[in-house]
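Computed from the coordinates by the stated procedures, all read-outs in this text should not be read as laboratory data. What you see is a predicted model, and the numbers here were worked out from it, not measured in a lab. Note that we place each Cβ from the backbone using ideal geometry, even for glycine, and neighbour counts take in every protein chain shown.
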Amino acid sequence: MDFRFREHLSFIPSPLPRSSINAPRQSPSPHLLAPSPSKPNSPQTFLYPPTTRPSSLISTRTAEWERAVAEEERKLPPWEALALPSLKEEEELRRKKVEPRRKVVRRAGGTLVVLILLILLLNIIILHVRLARLSRSSRSRLSASATACLTLYNLTAPSQPDTYPCGQCLPYLLGKAADAPGAGEAGDFCALRDVMAAGANAAAFEGAGWGTLSSEEDAGVGGVCGWGGVGCDERGRVVNLTLSFPLLPTSLPSLTPLTSLSTLSIFGNNTYPSSDLPSLPSSLSTLTLSHTALSGFAPSSLTNLTLIASPSVTPPSNSSTLLSLSLIAQNLTTPLKGLANYTSLILLDLSQNAGLSGDIPSAVCKRLRECDLRGTGVEEGCGVCLYD
């Protein structure tokens, strides 16, 4: 008999017959109280008749219970087998739950990317429209001569730079057309072409690439930015110019058209260049002249001035912007009291001036961070200075 489901069944076994319960109790028979003959000295043992033994009654009740359990089991419907999903089915169920969420995330991400691209495209369109309006408005303010000069520069200067009329066009390029697109590049070209025209060694300039306007595809920079010693910014404007022997002009022409020039360095051979110091652009902040025959006064608006063996060039008498002053081998004999007029000076180099004497003013000495007075007759006293 299978008792696997006996705990699920509940029933009340048939009760004992009422007659056996209500029957009057009788005294046990004498033989039930008689001691066991096999053990004369053992305590008295009560014996039940074979027909009334409790074990027989329990066996009967157990049989009845088993029959009742079997009957109830036959009445129960058969249990269906427990169906567990396979790993593949579980993965499919999980995918069906997750896939809709993924689709929503993908759609949201795609929509966001499209919106960003549309915004960027709209900004680019607006920027181009504004630039076009600005260019149109700037050109509308130009005179016919200025417009012709700009057009001629764009058409002829790259292929025939010698034919561009700089003398006629520079007044327009530096005037009302100064802010027009291409005007600054044309002015830089004219200024450097004048430097090349005054060259003492034409072959040196040609070897350095001067005279030919390079394209962006050829040299990585456009216009004059590919010429030797010329440095440009991201706009293509000349900001740095270095002329060193043999790349030297016999005389230095006006550099005013270089309206973005910030650094000018000329390293001569004690003979060239030999002219007066020309007009320099107001944007110039650093000037270095070494072994030149130039003469004149350096601008007072400079931040850094270095004069080496160029005794005919005189530094400014006073300056509130000059931070670094180097006058090396300049045959100086002037008193050092004039240094007090440089109110912002922090770097000073007066070395190799044997005729220089006196002492550094205390107010200047307090400001100085570096100082070189070797090869001079200056008295020691300024702590940061180098002496012989």
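Values as computed for the structure displayed
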{"quantity": "Pairwise FRET efficiency - Arg235 versus Ser362, Cβ, R0 = 56 Å, nearest 0.05", "calculated": "0.75"}
{"quantity": "Dimensionless Rg/Rh of region 141-209 - Kirkwood Rh, Rg from C-alpha atoms", "calculated": "1.02"}
{"quantity": "Calculated FRET value between Lys75 and Glu99, using beta carbons and R₀ = 51 Å, to 0.05", "calculated": "0.60"}
{"quantity": "Förster radius 56 Å - calculated FRET efficiency between Ile125 and Thr212 (Cβ-Cβ, nearest 0.05)", "calculated": "0.90"}
{"quantity": "Region 230-361: relative contact order in percent, alpha carbon pairs under 8 Å with at least 6 residues between", "calculated": "16 percent"}
{"quantity": "Stretch gain in nm, segment Trp65-Val384, where the contour uses 0.36 nm per residue and the Cα spacing is subtracted", "calculated": "103.0 nm"}
{"quantity": "Column: log10 I(q)/I(0), Debye, Cα scatterers of region 276-349, q = 0.22 Å⁻¹", "calculated": "-1.01"}
